[in-house]
Amino acid sequence: MKRNISGIHFRVMYNGKWDNVCFEELTEAQQIEVTKDWSEEQLRRLVMKLANSLNEIGEEVFRQ
């Protein structure tokens, strides 16, 4: 199921077709593959964006 939580998309091959998939929806192996050559700064920005997404979800859940 595509939820598009973080909005951080990567282009990956699924069943012979290219698809845009959010980072958190990639398999662990795909996450490792797309970030394997990233710098510390790039990884830091990814972590911060994912943390912001988690905070937004938490705000929504606790508002209910």
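Coordinate-derived values only; no laboratory data. All figures in this text were calculated on a predicted structure; none of them were measured in a lab. Cβ coordinates were reconstructed from backbone atoms using ideal geometry, including for glycine residues, and neighbour counts include every protein chain displayed.
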Problem set entry | Charge dipole (debye, nearest 20) of the chain; +1 at Cβ of Lys and Arg, -1 at Cβ of Asp and Glu | 180 debye
Seminar exercise, completed: Longest principal axis of the chain (C-alpha) makes with the long axis of helix 40-63 (C-alpha) an angle, in degrees to the nearest 10, of 40 degrees
Problem set entry | Rough spin-label spacing in nm, given labels placed 7 Å along Cα→Cβ, for Arg11 and Leu50 | 2.3 nm
Seminar exercise, completed: Its Cα gyration tensor gives the chain an equivalent ellipsoid whose semi-axes in whole Å, largest first, are 23, 17, 8
Problem set entry | Signed unit charges on C-beta, dipole axis of the chain, positive-most listed residue Met13, Leu46, Gly58 | Met13
Exercise. So what is the relative contact order of segment 9-63, in percent, for Cα pairs below 8 Å that sit 6 or more residues apart?
Worked result: 19 percent
